[in-house]
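We did not get these values from a lab; they are worked out from the coordinates using the rules stated. All values derive from a computational prediction rather than experimental measurement. All Cβ positions, glycine included, derive from the backbone under ideal geometry; neighbour counts span all protein chains shown.
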């Protein structure tokens with residue numbers, strides 16, 4: 001669960017290392033400049049995704065940062081804006097990571113930069129005007145403390161061009177891992193704010209302000225920035241909430257179970273790719289669990305109290321091998337959103353979108369009680385419920401959309417390497 005909350009803080013100065021050479025400066029200038037043609041933008045960035053909801057517990061992408069570009073594995077998180085890497089600057093507290101910690105150059109983002117201001121609410125002050133300190137806290141209690149730096153990222157456009165835009169990222173030198181901590185190099189911030197990677201690429205005229213993902217239920221998938229990788233005429237969409245603008249939210253929704261209204265409504269919903277599972281506030285969670293339990297009554301399936309994979313698991317007379325084995329016991333779920341006067345849009349969640357088969361052959365409920373983990377009245381649509389769909393966050397049209405998709409086949413491009 002990576003829904004991010006920015007906390008206003010100004011901390012000690014940081015001795016950054018590895019200053020760039022004049023040769024690398026020349027290279028940056030040559031690669032980063034992008035010709036302004038005045039034509040409409042028709043390009044995207046597509047990144048492969050790795051991992052799964054279960055048993056690994058998370059999806060991740062690879063980004064390449066620095067001179068020369070080095071690989072880092074990051075959590076693609078629509079619930080927070082800031083992209084940050086565990087950083088050897090030096091590191092005060094860092095967690096286990098798959099790659100050596102990021103070593104920054106000395107290209108600091110100054111305190112007065114608009115990107116710095118966007119990380120802080122109100123009139124923020126910095127102890128050092130030459131740097132921008134940050135602390136981002138996540139809903140699970142984890143956090144990252146660091147400073148903003150500018151560096152280049154190696155990206156391939158679907159037009160076949162390879163670019164290295166200069167981006168502001170967090171050099172995180174003090175991390176506190178939360179319960180849902182994963183051994184990655186950092187977080188890829190895909191949120192709506194100015195520091196989000198998509199917002200930065202859009203401000204440089206490289207892509208439209210659109211981000212999306214496609215998680216495969218078989219593992220892997222792809223992530224994309226821009227709008228030329230899908231057929232917009234096939235997209236089912238709903239407006240982003242005008243009242244809750246901080247995260248990707250369609251506003252208030254209602255739970256539908258087996259095609260019927262449940263009365264579980266007025267639920268403030270957030271789409272959050274940083275959360276592996278779906279979370280409902282306590283009342284909605286208990287209501288859905290009651291409906292499922294009632295549906296299972298009298299059937300040859302009982303609670304598997306000895307399976308601790310998730311809070312609620314059920315077992316049959318013999319171990320289940322796939323969701324196909326339990327289709328006769330469960331019904332699909334959906335979330336219904338108001339799409340205007342008397343108009344509603346449904347986000348359908350098939351059995352695979354809220355159930356999983358554990359290593360012990362039980363079927364487990366991939367919907368959890370969000371109130372118990374501090375989410376209050378927020379209801380999170382996590383990765384499990386977004387599998388096998390292309391989910392699209394269009395910040396230009398202010399809509400959230402989705403299309404059923406084969407997420408095993410990412411869009412391809414013939415990359416031109418300069």
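Numbers at a glance
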| read-out | value |
| --- | --- |
| Choice from 272, 325, 228 showing the highest fluctuation, given a GNM over the chain with Cα pairs closer than 10 Å | 325 |
| Proxy reagent accessibility, fewest Cβ within 10 Å first, across 43, 322 | 322, 43 |
| Gained length - residue 338 relative to residue 245, 0.36 nm times residue gap less alpha-carbon distance | 31.8 nm |
| Degrees separating the helix 282-296 axis from the principal Cα axis of the chain, which is the longest one | 40 |
| For the stretch 232-404, the fraction of alpha-carbon pairs in successive 5 Å shells from zero, as % | 1, 8, 17, 22, 20, 15, 9, 5, 2, 1, 0 |
| All Cα pairs of the stretch 95-238, percent lying beyond 18 Å | 65 |
| The chain: angle of helix 22-32 to the longest principal axis, Cα-based, in degrees nearest 10 | 50 |
| Residue among 128, 394, 243 with the largest mean-square fluctuation in a Gaussian network model of the chain, springs linking Cα atoms under 10 Å | 243 |
| Binned Cα-Cα distance frequencies in the chain - 10 Å width, integer % | 5, 22, 31, 25, 13, 5, 1, 0 |
| Nitroxide proxy distance, nm - points 7 Å out along Cα→Cβ at residue 93 and residue 302 | 4.5 |
| Sequence of 144, 276, 203, 118 once ranked by neighbouring C-beta atoms within 10 Å, starting from the fewest | 203, 118, 276, 144 |
| Full-stretch length increase - residue 130, residue 295 - with 0.36 nm per residue and alpha-carbon distance subtracted | 53.3 nm |
| The stretch 256-313 versus the stretch 189-231: alpha-carbon centroid distance in Å | 30 |
| Extended-chain gain in nm, criterion 0.36 nm per residue less alpha-carbon gap, residue 318 and residue 121 | 65.4 nm |
| Among 221, 146, 205, residue whose mean-square fluctuation peaks in a GNM of the chain (springs only between Cα atoms under 10 Å) | 205 |
| The chain - share of DSSP beta bridges that are antiparallel (%, nearest 5) | 80 |
| 222 nm mean residue ellipticity, helices alone, for the chain (DSSP H n ≥ 4; -39,500 (n - 2.57); rounded to 500) | -3000 deg cm²/dmol |
